[in-house]
Structure formats: structure tokens, C-alpha cells
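What follows is a set of notes on a single structure, which appears directly below.
The values are calculated or read from the model by the stated rules, or taken from the named source; none is laboratory data. Computed from a predicted model, the values in this text were never measured in an experiment. A quick note on method: Cβ atoms are made from the backbone with ideal geometry, for glycine too, and the neighbour counts reach across all protein chains shown. Areas reflect the complete protein model, heavy atoms only, side chains present, ligands, DNA and RNA absent. Shrake-Rupley method; radii C 1.70, N 1.55, O 1.52, S 1.80 Å.
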Amino acid sequence: MASSLTCAGIIWAFLSFLCAAASCVGFFMPYWLLGSQLEKSVSFGTFRRCSYPVRDESRQMTVMVEQCGRYASFQAIPSAEWRICTVVTGLGCGLLLLVALTALMGCCVSELISRTVGRVAGGIQFLGGLLIGSGCALYPLGWDSEEVRQTCGNLSNQFELGTCHIGWAYYCTGGGAAAAMLVCTWLACFSGKKQKQYPY
């Protein structure tokens with residue numbers, strides 16, 4: 001099986017896949033912000049949340065439904081900043097995944113990744129990491145929403161967590177993006193083999 005990648009390119013392909021997987025898993029999981037409400041654990045992502053309050057009319061009280069799900073609509077996401085964060089981070093994850101899958105195909109297909117294609121792929125990875133990083137930077141701007149305040153003891157504000165704390169999914173998303181920007185982008189420059197010149 002012929003490969004179009006150098007040794008550095010093979011490392012780049014697998015590292016790209018790991019970075020993309022880390023960012024995508026972190027983005028999808030609703031564990032970016034962790035807190036509690038009515039003595040139940042509550043967590044938020046950009047477009048998903050776990051545990052939410054509902055009014056129980058039979059008992060005339062508010063109870064917590066302990067299950068995870070996404071918001072009913074895009075407009076139901078608690079803040080405009082989180083809506084922007086969802087779009088920007090999702091686009092960045094898509095770009096990282098596209099490059100990672102192309103790089104893995106380069107391990108099996110000859111003449112797929114040339115030096116030029118590798119550099120372009122590195123540029124796309126840098127852009128994807130930048131978009132995810134922008135999404136992670138926007139996320140704390142939504143901490144002043146009513147839903148987050150209810151969970152964080154009415155003490156949260158933009159860039160102020162109150163009684164909540166940042167969850168593992170936020171670090172996973174940002175860490176994958178940072179590694180893609182700093183390491184994969186550099187390795188991509190050395191990933192492709194020099195193409196053979198065919199006399200015609």
C-alpha cells in the first residue's frame with residue numbers, strides 16, 4: 001500500500017485525527033460549565049445541557065429533570081454569545097475533521113498529499129483551531145444569562161463563574177484546537193512527499 005506521506009506526515013495524520021477527535025467530542029458534550037440547582041448537578045455546553053427545572057403542577061413545585069439534551073431550537077440557546085460560539089466552534093471542528101480524514105487517507109493513497117497540499121491543509125487546520133479558540137473565548141460572555149445565574153447562585157456574570165466551575169469538555173475542545181494550531185500546522189509543512197516529475 002503506497003503512501004503519499006513522509007514519516008513526519010504519518011505523525012501529522014494521526015495527531016490531526018486525535019486533535020480533531022478531542023475537539024469534536026468536547027464540543028458535543030454538555031460539560032463545559034458545571035454547577036448545581038435544587039441540589040442536583042447541572043451542566044451546560046454551547047447547545048446542550050444536563051438537568052433542567054420544570055414546574056410540576058400536581059405537586060405545585062419546581063423539580064429537576066435529570067437528563068441531557070440539546071435545546072429545542074437554535075433560538076432557545078440561552079444567549080446570543082453561545083449561539084455564535086456554537087456556529088463558530090462547530091465550523092472549526094468540521095475543518096479539523098476534514099483535514100484529519102484527508103490526512104489519514106494520505107497514509108493509504110499515493111500522490112494524494114503533495115508538499116503544497118500539506119501546506120494548504122496546515123493552513124486550514126490553523127483556521128479551524130482559530131475558530132474553535134474564538135468560540136472558547138466567546139463562551140464566558142454568556143455566563144450572565146438567566147439559566148446560568150440560576151445554576152451558579154445568581155453570582156455569575158461575564159467572565160465570573162459564581163459557584164460554578166469549568167468542566168472537562170471545555171478544556172478538551174480548547175486543548176485539541178491549540179494542539180492542531182501549534183503542532184499539526186507545523187508538521188503539515190513537512191507532511192507531503194515531493195512529487196515525481198513525469199516526462200511527457
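What FRET efficiency, computed as 1/(1 + (r/R0)^6) with R0 = 30 Å and r the Cβ-Cβ distance, is obtained for Ile11 and Val87, rounded to the nearest 0.05?
0.40
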query = Once both labels are modelled 7 Å past Cα along the beta-carbon direction, what's the Val109-Gln75 spacing in nm?
reply = 4.2
key: Relative contact order of the chain, defined on C-alpha pairs under 8 angstrom at six or more residues apart (%)   = 34
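Quick check for you: with a 1.4 Å probe and neighbouring chains kept, what is the accessible area per residue of segment 117-166, in Å²?
Each residue of segment 117-166 exposes 46 Å² on average to a 1.4 Å probe.
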message = Please report the net charge: other residues with Cβ closer than 10 Å to the Cβ of Pro140, K and R +1, D and E -1.
response = -3
remark   = Length gained, Asn157-Asp144, 0.36 nm per residue minus C-alpha separation, equals 4.3 nm
request  = Treating the angle as unsigned and between 0 and 90°, give the value, to the nearest 10°, between the Cα long axis of helix 115-138 and the longest Cα principal axis of the chain.
outcome  = 10
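What do you reckon, how do Val88, Val109 stack up by accessible area (1.4 Å probe), largest on top?
Val109, Val88
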key: Förster-model FRET efficiency, 35 Å R0, His165 and Trp186, C-beta, rounded to 0.05   = 0.60
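Determine the share of the chain's accessible area contributed by carbon and sulfur atoms, expressed in whole percent, with a 1.4 angstrom probe.
Details: 6790 of 10460 Å².
Carbon and sulfur together cover 65 percent of it.
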note = segment 58-79 and segment 13-48 have their Cα centres apart by a whole-number Å value of 18
